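Novice: There's a structure below that I have some questions on.
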Amino acid sequence: MRDVPEDEAEDVRDLLKQNDIDFFETFAGNWGISMPAIWIKDVNQFDQARKLLDAYQRERAEKFRLEYQEKRASGQAKSLAQTFLDRPFQILAYWALIAIVVFISIYYFFNL
């Protein structure tokens with residue numbers, strides 16, 4: 001459940017309820033170090049739940065892929081250049097950090 005959008009988590013809960021699959025949830029806890037997840041109570045229902053979730057994930061992926069293609073066709077999807085123009089300093093800072101890490105990583109190797 002970590003980094004799962006709320007709409008997707010709700011869809012999964014609804015899918016399991018509609019198919020009479022008993023489940024429970026665990027949360028990240030106060031410090032965020034526990035495993036947040038949806039767990040199937042009955043081991044015998046696992047295969048059914050796995051098939052349902054796999055089908056749901058394929059449908060969701062296809063839906064978002066089609067939405068992206070529509071945005072791209074209409075010119076609404078952001079390109080790499082548009083992203084750079086929106087946040088040039090942030091992207092330059094990331095590239096500088098990457099360059100520093102690469103430099104430090106190979107500098108000592110070549111100076112042996």
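Throughout, read-outs are computed from the coordinates displayed, never taken from laboratory work. Bear in mind the structure is a predicted one, so any value in this text is a computation, not a measurement. In this analysis, Cβ positions are derived from the backbone assuming ideal geometry, glycine residues included, and neighbour counts consider all displayed protein chains.
Novice: Considering each residue of the range 32-45, count those that are assigned to a helix (DSSP H, G or I) and exposed (fewer than 12 other Cβ atoms within 10 Å of the Cβ), and give that number.
Specialist: 2
Novice: Another one. For R60, state whether it is in a helix (DSSP H, G or I), closer than 29 Å to Q18 by Cβ, touching an Asp or Glu at 6+ places or on another chain (Cβ under 9 Å) and of a type in the set (K, R). Reasoning before the result, please.
Specialist: Numbers: in a helix (DSSP H, G or I): yes; closer than 29 Å to Q18 by Cβ: yes; touching an Asp or Glu at 6+ places or on another chain (Cβ under 9 Å): yes; of a type in the set (K, R): yes.
Yes.
Novice: Please verify whether S74 is loosely packed, with under 10 Cβ neighbours inside 10 Å and either among the hydroxyl-bearing types (S, T, Y) or closer than 14 Å to E8 by Cβ (or both), treating the condition exactly as stated.
Specialist: Yes: the conditions hold for S74.
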